[in-house]
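Report on one structure; see the data block that follows.
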Amino acid sequence: MKRIVILISGRGSNMQALIEARLPCAIAAVISNDPRAGGLAIAAGAGIDTRVVDHREFATREAFDVALARAIDAFSPDLLVLAGFMRILAGAFVERYAGRIINIHPSLLPAFTGVRTHRRALQEGVRVHGCTVHFVTPELDHGPIIVQAAVPVLPADDEAALAARVLRQEHRVFPLAVRWFLEGRLSVQGQRVLLEGESPRAADLAAAIVSPEGT
Ligand code: NHR
Ligand code: GAR
């Protein structure tokens, strides 16, 4: 059975969605860079090993990355999953797990890389927003895209309302993408991700994912 390690920084609702999806893998550990992350208690409650590598205890980003890699490697994961992880990782860290790190980002990449995506989407007046699951590469938020889900931006939306609508989609597509990885169905060709065995029926499914769920 494949092993995954999940990295979090906060609430951990995406991590929880992965736990509840009963994926065909062992969740070897949940690791947070912040000891206050609410997700740590959720993971512990589910019987999963937890660790904290507090970035504030390190003088440099490189030293943090090295300590984080050491904590991760103790669990020898096949896949590293960033679920609301809020620290930028240097190229050397990413290369160590090349092709084996995926992230969920709260925008339709390549729009709105970085943080505070919902606020910026509202400011820019976009009509469609969403989330992206992608492979992590050294260039921030620019790795090959595995799956996206779109939602409408409604006139009355504030940041919280829009974030909540996007989050519901995150909880649907993130377990789906991790499952595809675990099943060995994903391959990367340049910047494109191919899903093995994608049938016309699967194309219907993809269409359902990108169709707005309403409000
Ligand atoms: N690292 C690499 N090399 N490549 C990616 O694609 C990465 C990554 C690390 C994290 C997640 C990403 C997101 O989904 C992610 C993708 C944090 C920041 C950030 O600015 C930006 C993007 C992401 C995560 N972090 C600040 C920092 O100084 C701290 C911000 C804060 O604590 O609020 O590291 O959005
Ligand atoms: C999620 O919306 C995730 O996409 C986003 O933070 C939230 C974490 O929620 N990630 C980032 O912004 C990464 N920079 P969660 O802790 O409940 O999963």
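Among the residues of segment 113-134, which ones are within 9 Å of ligand 1 (Cβ to nearest atom) and surrounded by 16 or more Cβ atoms within 10 Å (Cβ to Cβ)?
117, 132, 134
No other residue among 43, 69 is more than 26 Å from residue 144 (Cβ to Cβ), of a type in the set (A, V, I, L, M, F, W, C) and either without any contact (Cβ under 8 Å) to a residue 12 or more places away in the chain or part of a helix (DSSP H, G or I) (or both) apart from 43.
Every test in (1) more than 14 Å from residue 86 (Cβ to Cβ); (2) assigned to a helix (DSSP H, G or I) is passed by residue 64 save one, and that test is (1).
For segment 103-112, the set of residues classified as out of contact with any strand residue (DSSP E or B) (no Cβ under 6 Å at 6 or more places or on another chain) and surrounded by 15 or more Cβ atoms within 10 Å (Cβ to Cβ) consists of 107, 111, 112, listed by residue number.
Can we say residue 8 is more than 13 Å from ligand 2 (Cβ to nearest atom) and crowded, with 21+ Cβ neighbours inside 10 Å?
Here the answer is no, as residue 8 does not meet what is asked.
Counting only residues that are aromatic (Phe, Trp, Tyr) and either at pLDDT below 95 or open to solvent by less than 40 Å² (accessible area, probe 1.4 Å) (or both), segment 16-75 holds 2 of them. Against the numbered list (1) under 21 Å from residue 181 (Cβ atoms); (2) in contact (Cβ under 8 Å) with a residue 40 or more places away in the chain, residue 100 comes up short only at (2).
Where residues in segment 148-161 are closer than 23 Å to residue 12 by Cα and surrounded by fewer than 22 Cβ atoms within 10 Å (Cβ to Cβ), which of them is farthest from the chain's Cα centre (by Cα)?
Per the stated criteria, the residue is 158.
Looking at segment 32-39, can you tell me whether even one residue there is within 11 Å of ligand 2 (Cβ to nearest atom), touching a helix residue (DSSP H, G or I) at 6+ places or on another chain (Cβ under 8 Å) and on the phi > 0 side of the Ramachandran plot? No, segment 32-39 contains no residue that is within 11 Å of ligand 2 (Cβ to nearest atom), touching a helix residue (DSSP H, G or I) at 6+ places or on another chain (Cβ under 8 Å) and on the phi > 0 side of the Ramachandran plot.
Does residue 96 qualify as being more than 16 Å from ligand 2 (Cβ to nearest atom), touching a Ser or Thr at 6+ places or on another chain (Cβ under 7 Å) and open to solvent by 60 Å² or more (accessible area, probe 1.4 Å)? Show your work before the answer.
Details: more than 16 Å from ligand 2 (Cβ to nearest atom): yes; touching a Ser or Thr at 6+ places or on another chain (Cβ under 7 Å): no; open to solvent by 60 Å² or more (accessible area, probe 1.4 Å): yes.
Against the criterion (more than 16 Å from ligand 2 (Cβ to nearest atom), touching a Ser or Thr at 6+ places or on another chain (Cβ under 7 Å) and open to solvent by 60 Å² or more (accessible area, probe 1.4 Å)), residue 96 does not qualify.
The values are calculated or read from the model by the stated rules, or taken from the named source; none is laboratory data. From a predicted model like this one, the values you see are computed outputs, not experimental measurements. Don't worry about glycine lacking a Cβ; one is built from the backbone with ideal geometry, like all the others, and counts go over all protein chains shown. Protein only, heavy atoms only, side chains kept; ligands, DNA and RNA dropped before computing areas. Shrake-Rupley method; radii C 1.70, N 1.55, O 1.52, S 1.80 Å.
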